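Working notes, beginning with the structure itself.
The values are calculated or read from the model by the stated rules, or taken from the named source; none is laboratory data. As the structure is a computational prediction, the values presented were derived from the model and not from experiment. With ideal geometry, Cβ positions are generated from the backbone for all residues, glycine too; neighbour counts draw on all protein chains shown. Surface accessibility is based on the protein's heavy atoms, side chains included, excluding ligands, DNA and RNA. Shrake-Rupley method; radii C 1.70, N 1.55, O 1.52, S 1.80 Å.
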Amino acid sequence: MSPFAVAAAPFTLSILLTLVSSHYSSSSSDSPPSLQASPEFAEWRSARATYYAAADPRDAVGGACGYGDLVKGGYGMATVGLSETLFERGQICGACFELRCVDDNRWCIPGTSIIVTATNFCAPNYGFTSDGGGHCNPPNKHFVLPIEAFEKIAIWKAGNMPVQYRRIKCRKEGGIRFTVTGSGIFISVLISNVAGHGDVLAVKVKGSRTGWLSMGRNWGQNWHVNALLQNQPLSFEVTSNDGKTVTSYNVAPKDWTFGQTFEGKQFET
């Protein structure tokens, strides 16, 4: 776990970001409403944003969603840590947001916005009040950005900036990725590179000698199950928070091993 320094003006503030990173077919349900039908995806909402600058290259990886190396995972610097009010205990991991700077002509870069993926958690600091330095304390809606992303919408001297945000569809290259780790009958799978709604509601896994097994959320987007699945190809069923499901058959071959990553089908966007 690494603390990030967060710049603010006119004085320096600091917060702690808890870093707690084939053959297949697909099916999607038609019943859920579209993303644009939800006010969350259509309306701009008010929040605030600060930035961090990694003091060490190792600080730039990881995160409370469990994605590991964000650069290798394809997320790069287009990522964000969310305050407790927005983080939803990790269920929001993988969701995409558009942010724009507002209400301050001194520091905002006019006509700009950024698109970022939720990969991290900004922990509350109850040593401060929510309006006196505890940026990520409830009920604040707060975004903590890499400085590379922050500087696309505001001058770095701005520090704690008013912004507007809205959920948008995630657009990703390639399919959903399944990174399998664990030992023996303990199977852990990191779900990443999810398009569409982005955040995942449920995951199932199936071996060639088993039925569909529901996986539990371990933390962030790491899911687990206790089952003997070695020496058989693995299929996965991923359901996003809008109720849509994608099924990827035989993604992992019979001779899969722990530590490998496999790519399946993808949600349509």
Inset, instruction - In whole Hz, with x marking every Gly and Pro, tabulate ³J(HN,Hα) for segment 47-53 from phi via Karplus 6.51 cos²θ - 1.76 cosθ + 1.60, θ = phi - 60°. - result: 7, 9, 9, 10, 9, 10, 10
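Accessible area per residue, 1.4 Å probe, Å², for segment 122-239: what's the number? Before the final figure, lay out the partial values.
On the way: 4710 Å² over 118 residues.
For segment 122-239, the solvent-accessible area averages 40 Å² per residue.
Of the listed peptides 185-196, 257-268, what is their order by residue-averaged count of other C-beta atoms within 10 Å, with the highest listed first? Could you put the intermediate results ahead of the total?
Working: 185-196: 21.4, 257-268: 16.3.
Final packing ranking: 185-196, 257-268.
Extension gain Ala42-Leu213, at 0.36 nm per residue separation less the Cα-Cα distance, in nm? Could you put the intermediate results ahead of the total?
Numbers: separation 171, 0.36 × 171 = 61.56 nm, distance 3.54 nm.
Going from the current span to full extension adds 58.0 nm.
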Inset, instruction - Give the long-range amide H neighbours of Tyr52: residues separated by 5 or more places, or on another chain, with amide H under 5 Å away, using H modelled in the peptide plane at 1.01 Å from N. - result: Leu145, Ile147
Legend entry - Cα centroid separation, segment 162-203 to segment 80-96 (Å): 13
Legend entry - Rule-of-thumb Rg ratio for segment 67-197 [Cα; 2.2 N^0.38 Å; N residues]: 1.16
Inset, instruction - Starting from the Cα-Cα distance between Thr112 and Thr129, subtract it from 0.36 nm times their residue separation and give me the gain in nm to one decimal. - result: 3.0 nm
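Using heavy-atom solvent-accessible surface (probe 1.4 Å) with all chains present, what is the largest-first order of Cys93, Cys101? Please list the in-between numbers first.
Numbers: Cys93 0, Cys101 20 Å².
Sorted by accessible area, descending: Cys101, Cys93.
Any of Lys172/Lys254; Lys141/Lys206; Lys72/Lys152; Lys141/Lys244; Lys152/Lys265 with alpha carbons more than 29 Å apart? Name them for me.
On the way: Lys172/Lys254 27 Å; Lys141/Lys206 39 Å; Lys72/Lys152 22 Å; Lys141/Lys244 27 Å; Lys152/Lys265 32 Å.
Pairs exceeding 29 Å: Lys141/Lys206; Lys152/Lys265.
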Inset, instruction - Pop out the ³J(HN,Hα) list for segment 176-185 in order, Karplus 6.51 cos²θ - 1.76 cosθ + 1.60 with θ = phi - 60°, rounded to Hz; leave Gly and Pro as x. - result: 5, 9, 10, 9, 9, 10, x, 6, x, 8
Inset, instruction - Express in whole angstrom the spacing between the alpha-carbon centres of segment 217-269 and segment 107-133. - result: 32
Inset, instruction - Set the Förster radius R0 to 30 Å, insert the Cβ-Cβ distance between Asn226 and Asp69 as r into 1/(1 + (r/R0)^6), and round the FRET efficiency to 0.05. - result: 0.65
